[in-house]
1. Pick from segment B:112-137 the residues that are away from every other protein chain (no Cβ under 14 Å) and assigned to a helix (DSSP H, G or I): which of them is surrounded by the most Cβ atoms within 10 Å (Cβ to Cβ)?
2. How many residues, within segment A:9-63, are in contact with a helix residue (DSSP H, G or I) (Cβ under 6 Å, 6 or more places away or on another chain) and without any contact (Cβ under 8 Å) to a residue 24 or more places away in the chain?
3. Anything in segment B:153-171 that is part of a strand (DSSP E or B) and closer than 11 Å to residue B:189 by Cβ? List them, or say none.
4. For the list (1) more than 24 Å from residue B:99 (Cα to Cα); (2) modelled with pLDDT of 95 or more; (3) not in a helix (DSSP H, G or I), I need the number of the one condition that residue B:140 fails.
5. Looking for whichever is part of a loop (DSSP other than H, G, I, E, B) and over 20 Å from residue B:64 (Cα atoms) here; the options are B:174, B:193. Which one fits?
6. Quick one: is residue A:70 touching a strand residue (DSSP E or B) at 6+ places or on another chain (Cβ under 7 Å) and within 12 Å of another protein chain (Cβ to nearest Cβ)?
7. Please find, within segment A:166-218, the residue that is nearest to the chain's Cα centre (by Cα) out of those that are farther than 20 Å from residue A:47 by Cα and within 14 Å of chain B (Cβ to nearest Cβ).
8. Identify the single condition in (1) more than 21 Å from residue B:202 (Cα to Cα); (2) buried (at least 22 other Cβ atoms within 10 Å of the Cβ) that residue B:62 does not satisfy, given that it satisfies every other one.
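The values are calculated or read from the model by the stated rules, or taken from the named source; none is laboratory data. Computed from a prediction, not measured in an experiment: that's the story for all the values here. Every residue, glycine among them, receives a Cβ derived from its backbone with ideal geometry; neighbour counts consider all protein chains shown.
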């Protein structure tokens, strides 16, 4: 076990959009990581982060319910995988996935959840009190680093902005710019940065910030000067500790 | 935390070949798990099991070396993924992969290891003392449940039968029949059963037996009466404890 922000470590790197895209390209094209593989690795890590942030015995509600809201793009597929692993960890995830991607890769991740009897909501209650009462937390896998929220996502984010239960955002809080961050909109309690934090994470003011990038090859970490935190044991995520770095 | 063999649990199921194939078919065809996804999940779990059986601080050699021997079929690809994760866990894996599959899926897993600068041996020393001296353990990802060892595998297994360092076999010890087990040949110290133990695992007399099947959907576990052990926390593997069940 070692501190993620111990003395002598270079400060953690916060990626620009261009850097994040360059790393992803290198992983896919040079290292030949598969998209299915990366989504599986990341979704699993997100589920582990959720379970660290909200351990089963700590949940305020009798049922270990979690609402996972998934967009149509890749971050939504990460959310689906997260929901599947949460189920195997003993949680009771419910998925809201308003625009299903027709891409076979994403369809398969959806089928896995459906066949595992994870319930899918057909609409999101606009009455936030219903969400507050039903779930212990919300996983925000709506937009990630993708830009402007078109419908139906704008309305969904407007609802999520008013829920009182904690929100876990995957990679980039939905509606935030990956570099500039966001004002108004949702304020997640927990952020799970995938690969490495994006610049917007500097504006994160929530309770816990996890990084899920242990799988990133050392040479890629070095080339992009990620200065990744040290992951204890075989953990796939690490919580950043100490004072927030600017 | 709970015992994998606590009171009141039905005994763990040891699968026939036909049952193991039926489960795999159901995962791939009904649940739409991807092959890349399953290999990634399993290889990761095997690396976690290796790190539990041989924690970094416990290794007898100064360098945390592990030799991973991979066959051409799917279990070999699981070995490649295991090696990759061992690298990120701080081990120094070396791969021996004498017959490389031309299948793009397996080629990609190979490229990931090559690009991560994991060394590949061009031949396996027939002088076992060289293997004993160089590595802390050997991961056997040679044949898995596949039948008869043709060349070059027969010679490799003959060498591995004489090494004195511990062997970790993935799924089925190479050269063993998945149901009947094996006499002579290799005697692994550690067995990592994938999905669920095969019948041959009843004849395993080594030190530790791990099961890596947490990802298996509950309905599949129930249908095939796997009576899976309980996985603590978010662990992807569990060590079977207590007296060996027959």
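1. Applying the first criterion (away from every other protein chain (no Cβ under 14 Å)) to segment B:112-137 yields B:119-137.
Restricting the remaining residues to those that are assigned to a helix (DSSP H, G or I) gives B:128-134.
Details: B:128: 17, B:129: 11, B:130: 12, B:131: 20, B:132: 14, B:133: 12, B:134: 14.
That would be B:131.
2. Going through segment A:9-63 one residue at a time, the tally reaches 4.
3. Of all residues in segment B:153-171, those part of a strand (DSSP E or B) come to B:167-170.
Once the filter is applied, which keeps residues that are part of a strand (DSSP E or B) and closer than 11 Å to residue B:189 by Cβ, segment B:153-171 yields B:167, B:168, B:169.
4. That leaves (1) as the condition not met.
5. Numbers: B:193 fails: part of a loop (DSSP other than H, G, I, E, B).
Of the residues listed, the single one that is part of a loop (DSSP other than H, G, I, E, B) and over 20 Å from residue B:64 (Cα atoms) is B:174.
6. Numbers: touching a strand residue (DSSP E or B) at 6+ places or on another chain (Cβ under 7 Å): yes; within 12 Å of another protein chain (Cβ to nearest Cβ): no.
For residue A:70, the condition - touching a strand residue (DSSP E or B) at 6+ places or on another chain (Cβ under 7 Å) and within 12 Å of another protein chain (Cβ to nearest Cβ) - is not met.
7. Per the criteria, the residue is A:217.
8. Answer for residue B:62: the failing condition is (2).
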